[in-house]
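The values are calculated or read from the model by the stated rules, or taken from the named source; none is laboratory data. Here the structure is a predicted model, which means the values were calculated and not measured. Here the Cβ positions follow ideal geometry from the backbone for every residue, glycine too, while neighbour counts run over all protein chains shown.
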Amino acid sequence: MKKLSEKVDPKVKALAKYLDCDPEDISEGYPSYGDFMTLEYGSEEYLVLTDEEADEACKEYVKDSVWAFNASFIIQHSDLPWEAEEMIKGFQESKCEDANETILALITDFDEFVEDAISADGRGHFLSGYDGDEVEDGDYFIYRVN
């Protein structure tokens, strides 16, 4: 783990303010949802992202996990008839993650799919595995990962 004390990044400052800790206590973690680095404070891991970065990370998450979405939500964003819902469910259950590419191919407008998913559940649902929360702190949004 690399200490970030040489030059305090604005994201580190935002997280330190949120956690009420010294920026020197925060370390760089690992890449998550593309090229976005997590930040670590003790055993806790966080993503600190701008609004645009959070949208991009969400899009990446959704792209990688579309196989796990509700079949009716997938049907709503495809050209398939509603009667195909049971077929999608069966395919998801039998293939799990391996169904991802096929289900992606069914979605007619992926950007709209992502927007609707974020609108329904919020970005925290996708980016904050710990509690599903999104915390806004000035120019940044903070998500606890673990």
Subset of the range 121-139 [among the aromatic types (F, W, Y) and either within 23 Å of D9 (Cβ to Cβ) or out of contact with any helix residue (DSSP H, G or I) (no Cβ under 6 Å at 6 or more places or on another chain) (or both)]: Y130
Condition check for V48: of a type in the set (A, V, I, L, M, F, W, C), within 18 Å of the chain's Cα centre (by Cα), at pLDDT 95 or above and part of a helix (DSSP H, G or I): no
Breaking point among (1) touching a strand residue (DSSP E or B) at 6+ places or on another chain (Cβ under 9 Å); (2) without any contact (Cβ under 8 Å) to a residue 24 or more places away in the chain, for W82: (1)
Filter result for E56 (under 30 Å from L19 (Cα atoms), in contact with a Ser or Thr (Cβ under 6 Å, 6 or more places away or on another chain) and either not basic (K, R) or not in a strand (DSSP E or B) (or both)): no
Flagged in the range 106-116 as in contact with a helix residue (DSSP H, G or I) (Cβ under 8 Å, 6 or more places away or on another chain) and either closer than 30 Å to K13 by Cα or of a type in the set (V, I, T) (or both), in numbering order, are I107, V114
What's the total number of residues in the range 79-107 that are surrounded by 11 or more Cβ atoms within 10 Å (Cβ to Cβ) and more than 15 Å from S65 (Cα to Cα)? 5
Tally the residues that are within 18 Å of the chain's Cα centre (by Cα), crowded, with 17+ Cβ neighbours inside 10 Å and not in a helix (DSSP H, G or I), restricting the search to the range 59-78. 1
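Residue by residue, here is whether (1) under 16 Å from F36 (Cβ atoms); (2) of a type in the set (S, T, Y); (3) free of Cβ contacts under 8 Å to residues at least 40 places away in the same chain holds:
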site: E86; (1), (2), (3): no, no, yes
site: F113; (1), (2), (3): no, no, no
site: L127; (1), (2), (3): yes, no, no
site: D139; (1), (2), (3): yes, no, no
Hits in the range 87-137 (condition: in a loop (DSSP other than H, G, I, E, B), touching an Asp or Glu at 6+ places or on another chain (Cβ under 7 Å) and not hydroxyl-bearing (S, T, Y)): G122
Identify all residues within the range 11-45 that are in a loop (DSSP other than H, G, I, E, B) and either modelled with pLDDT of 95 or more or over 21 Å from D64 (Cβ atoms) (or both); write none if there are none. D20, C21, D22, G42, S43
